[in-house]
Structure formats: C-alpha cells, structure tokens
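Step one of this worksheet: look at the structure below.
The values are calculated or read from the model by the stated rules, or taken from the named source; none is laboratory data. Quantities reported herein were computed from a predicted structural model and do not represent experimental measurements. Neighbour counts run over all protein chains shown; Cβ positions are idealised from the backbone, glycine included. The area values use the complete protein model at the heavy-atom level, side chains included, leaving out ligands, DNA and RNA. Shrake-Rupley method; radii C 1.70, N 1.55, O 1.52, S 1.80 Å.
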Amino acid sequence: MNLESNHLQDASLWDETAAEGYDTPGEGMFAEEVLLPTVDFLARLSKGREALEFAIGTGRVAIPLSRRGVRVCGIDYSEAMAAELLRKVGKGEIPVVVGDMTTTRVEGDFALVYLVFNGLSNLLTQEAQVRCFHNAASHLRKGGSFVVELWVPELRKLPPGQKAVVWEERPGFIGLDTYDTLIQHVVSHHFSFDNSEAARLRRTEHRYVWPSELDLMARLAGFVLEHRTSDWKGAAFDADSRSHVSVYVKQ
C-alpha cells in the first residue's frame, strides 16, 4: 500500500511559533471540564498498562495520563510540537518518536493506542487513514484497544449550493468550515480579531470520516467496535451527536 506524498497536513502549520502558542492552560481543550473526562476514560481503559498516543502534540493528554501512573509513549510528525512536550517533562518520562503515525514504529507492545481531538482527520486520504489503523494494530497486543475521537460531519447544515458552515462564533473569533463533499475534505478557517481592524487567519485541512466508514477501516486492520459514545463522559451516541469516542478492540 503506497501512501500519497500529500496525505499529511502542511508541516509548516505546526512550526515553533505554533508549538509555543498551542497550550491554553485552563481554557478551550485544556479546560478541566474537557481534559479530565478524557484522562479519566483513558486511565480506566489502560488499567495502568502501557499506552501509545498518535499525534501526541505538546502532551495535553499524555502528561496528565502519565501522572496517573500510565506509561505513555508518543508519535508526532512535528519536531517543534514534540520539543515543546519534552520541555515540560523529565528526560525519559514520555518517550516521543518524531514521524508519521501511518508508518512509524515505537519499540514495545501496548495495551492502548489512542488518537484524540480529531487527529485522524489530519490524514488527508482514505488510504492514509486505513494505514493508521493498521499501524495502531501493529503496536497492540491481542485484546488491546484503539480509541479514536472524531467529529461528525455537519453536512445536514448545508443546503443545496452552500459549501460553508460556521462552527463557532464568539468575541474575537469566528470558525468557518468549507466542504468539498466529493473527496470528503474540509478546510477550517480560524479568524481571530483584536482591538485593531486587522484579522488573523489560520487554515487547517482535514478529511472527514463517517462512523460507518471508520468501522470498516477498523475491520480491515483486525479490530471490532466495542462501543461508541458521544463524549468522554459516556453520553449516548445518536443522530444528533456532533462528535464521538469510538473504542476498537484488536482480535
């Protein structure tokens, strides 16, 4: 299976400037009400055994999970993000390999592999996403779990002829997604404003995945779906859910 050269987001999106400004302690995805349920869920699932995080970033989840007594390793394709993580932890506390989560191997086998906060959608082709499942399986012992957190595409908001959806609006910020439904691509446009008239724009590209397609990818890699919830607190997944946490078990 040959991967296309453009299956990853532009690496310049995650340079030193982005890494230094990525953490927002106590706010957004770093807010206690967001982070604690995530760590609680993963800690219970790991049962204190070894865990591997794909797209580990600056350690938002890995650091508090490690401090729960779970041995955590990670993979990230951004050297700057990995360096920012290692700046915050002791040497050897959280080993990180810089590489592509579709192919990079980490020494050892694990009870848990996890990929959170829509990380799978950073892979821009179906082929790369399938390979990510295979790479997760290659790191897991039999009966191990692969946890994926993803958003549900909001295509029901798109009337005929419309290609954009506003996903967040608050003082100083507007988030807008533009869809290409033919290839299942989304570009997220992040508009930030301050007291001046100038606006700052940051764009990230993604490939969205339906839960049913995700389940088929899992089966191709030797997983079965154990359960799916709307969030880390265990809310039921239904037709109105905007996201999901899916737990797959290696057969």
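Results, tabulated for the structure shown:
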quantity	calculated
Selection status of residue 78, under 18 Å from residue 111 (Cβ atoms) and either touching a residue at least 12 places away in the same chain (Cβ under 8 Å) or open to solvent by less than 20 Å² (accessible area, probe 1.4 Å) (or both)	no
Yes/no for residue 223 being modelled with pLDDT of 95 or more, under 23 Å from residue 34 (Cα atoms) and not small (Gly, Ala, Ser)	no
Odd one out for residue 148 among (1) without any contact (Cβ under 8 Å) to a residue 24 or more places away in the chain; (2) touching a helix residue (DSSP H, G or I) at 6+ places or on another chain (Cβ under 9 Å)	(1)
Tally, over region 168-191, of residues that are open to solvent by 70 Å² or more (accessible area, probe 1.4 Å) and either closer than 13 Å to residue 203 by Cα or without any contact (Cβ under 8 Å) to a residue 24 or more places away in the chain (or both)	4
In region 212-251, the residues that are of a type in the set (Lys, Arg) and farther than 25 Å from residue 43 by Cβ	219
Of all residues in region 98-141 being at negative phi and among the aromatic types (Phe, Trp, Tyr), the one that is surrounded by the most Cβ atoms within 10 Å (Cβ to Cβ)	114
Residue 221 being hydrophobic (A, V, I, L, M, F, W, C), loosely packed, with under 13 Cβ neighbours inside 10 Å and either within 20 Å of residue 136 (Cβ to Cβ) or in contact with a strand residue (DSSP E or B) (Cβ under 8 Å, 6 or more places away or on another chain) (or both)	no
Hits in region 54-63 - residues which are part of a loop (DSSP other than H, G, I, E, B), free of Cβ contacts under 8 Å to residues at least 60 places away in the same chain and hydrophobic (A, V, I, L, M, F, W, C)	56, 61
In region 214-233, the residues that are without any contact (Cβ under 8 Å) to a residue 60 or more places away in the chain and out of contact with any helix residue (DSSP H, G or I) (no Cβ under 8 Å at 6 or more places or on another chain)	215, 216, 219, 227, 229, 230
Restricting region 64-75 to residues that are part of a strand (DSSP E or B) and open to solvent by less than 10 Å² (accessible area, probe 1.4 Å), the residue that is nearest to residue 124 (Cα to Cα)	75
Candidates 35, 86, filtered to the one that is of a type in the set (A, V, I, L, M, F, W, C), at pLDDT 95 or above and either touching a Leu at 6+ places or on another chain (Cβ under 8 Å) or outside any loop (DSSP other than H, G, I, E, B) (or both)	35
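Each row is one residue, and each column tells you yes or no for (1) in contact with a helix residue (DSSP H, G or I) (Cβ under 6 Å, 6 or more places away or on another chain); (2) farther than 21 Å from residue 58 by Cα.
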| position | (1), (2) |
| --- | --- |
| 80 | yes, no |
| 85 | no, no |
| 92 | no, no |
| 98 | yes, no |
| 116 | no, no |
| 136 | no, no |
| 142 | no, yes |
